[in-house]
1. What nm value, rounded to one decimal, do you get for the distance between residue 348 and residue 232 when each label is placed 7 Å out toward the C-beta?
2. For the chain, what proportion of DSSP beta bridges, expressed in % and rounded to the nearest 5, is antiparallel?
3. Considering only protein heavy atoms, what per residue accessible area in square angstrom results for the chain with a 1.4 angstrom probe?
4. Between residue 331 and residue 63, how high is the FRET efficiency from 1/(1 + (r/R0)^6) when r is the Cβ-Cβ distance and R₀ = 30 Å? Nearest 0.05.
5. For residue 39 and residue 295, FRET efficiency with R0 = 45 Å and r from the beta-carbon atoms, rounded to 0.05?
6. Under 11 Å from the 7 Å Cα→Cβ point of residue 275, by amide nitrogen: which residues of the range 1-33?
7. Nearest 0.05, what FRET efficiency do residue 240 and residue 370 give at R0 = 41 Å with Cβ-Cβ as r?
8. At what distance in angstrom do the alpha carbon centres of the range 194-254 and the range 5-23 lie from each other?
Amino acid sequence: MKKVAILGSTGSIGTQSLDVVRHHEDLQVVALSAGRNAALLEQQAREFHPDLVAIWDEEAAADLRVKLADLNITVVSGMEGMIQVAVHEAADIVVTAIVGMIGIRPTLEAIRAGKDIALANKETLVTAGHLVMPLAREKGVQILPVDSEHCAIFQCLQGAAHRDIHKLLITASGGPFRGKKTEDLAKVTVQQALAHPNWAMGAKITIDSATMVNKGLEVMEARWLFDVDLDDIQVVIQPKSIIHSMVEYKDGAVLAQLAPPDMRMAIQYALKYPEHCDMELPHLDFTQLREILFEVPDNDTFRGLPMAIQAGKTGGSMPVVFNAANEWANAAFLRGEIGFLDIYDRIQDCMSRHSVIENPDLDTILATEQEVYSYLSSSGS
């Protein structure tokens, strides 16, 4: 029996992780955390009977303690509560499905406690990969990627020697605005940006997909996950999201992982690794698949990708600035306070102003994040 803790259980990845658990009797949920969706967290607690649940707000936690009084479940709150979920004594693996840099501290604590990580919180490696990966190696902890692209690369690397890699090819659908030019994006709405053609995801990552920021974050994350140079990672547009990513080896051989776009496949592989298990997931029908198209990313229009690569190559604290500025601008766009193209301008402004700090520790990373938030909030929308 593998015992699972989930950070961010009420979000898109969290709920799909629980769906995977439902299909496997040898997976057991022992701890859950959520941000503010107390009603769904209560439902999950009643279905899965974890030992521990955490919710961000203490007032919500107090109310949840009353509602769950008939069950033997401990309810905690805040960052300390999330950390308690991450280090739960019984957990074998922690699904880090929480969105944003708030996931860094509990992920590091889970690694220190010797827990394997099913990583869906890309911000953790983007901003603190230089802390996370050495610690994971020291503790003998597996970092199992949950992003579909990184899961695809991980599968293509099974049984291969790292020295034989020529490059990684990360695919992108191009999002809802593929083929558009800058002038077409000036007045796009939130609803249009949320209409992803292939994937059902949370609002933040869907907007990141529309700006191509998400693909930039994935490139920076892949650098740490697979220990390759940024120059050895290539992004290609594959509009139907059939090929999730590829590895090209030095002899010219290219291995690709193909599947319908369903995040539960990547989640299941992380939780059941190294098994490929039946879960009644959709299968490709090659009698209906007539062609697979590839395109080159439009980096002039969708500036999120080249700015991310610039941040990654600069290194130090610059990826923190890129990520924090994007988180602020993404949220402001979703609230209707700035336009779609303003997201790029806010990120570029913050990157241009920043003096890079080499090898930032966790406190410096979090302080840099707050400095970016303070600057953008004070400069107005």
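The values are calculated or read from the model by the stated rules, or taken from the named source; none is laboratory data. Note that the coordinates shown come from a computational prediction; the quantities given were computed from them, not determined experimentally. Backbone-built Cβ (ideal geometry, glycine too); neighbour counts: all protein chains shown. Just so you know, the surface numbers come from the protein's heavy atoms only, side chains and all, with ligands and any DNA or RNA stripped out. Shrake-Rupley method; radii C 1.70, N 1.55, O 1.52, S 1.80 Å.
1. 3.2
2. The antiparallel fraction comes to roughly 25 percent.
3. 43
4. Computed FRET efficiency for residue 331 and residue 63: 0.70.
5. The computed FRET efficiency comes out at 0.60.
6. In the range 1-33, the label zone of residue 275 (backbone N under 11 Å from the point 7 Å along Cα→Cβ) covers 1-2, 24-27.
7. FRET efficiency, residue 240 to residue 370: 0.55.
8. Centre-to-centre (Cα) distance: 22 Å.
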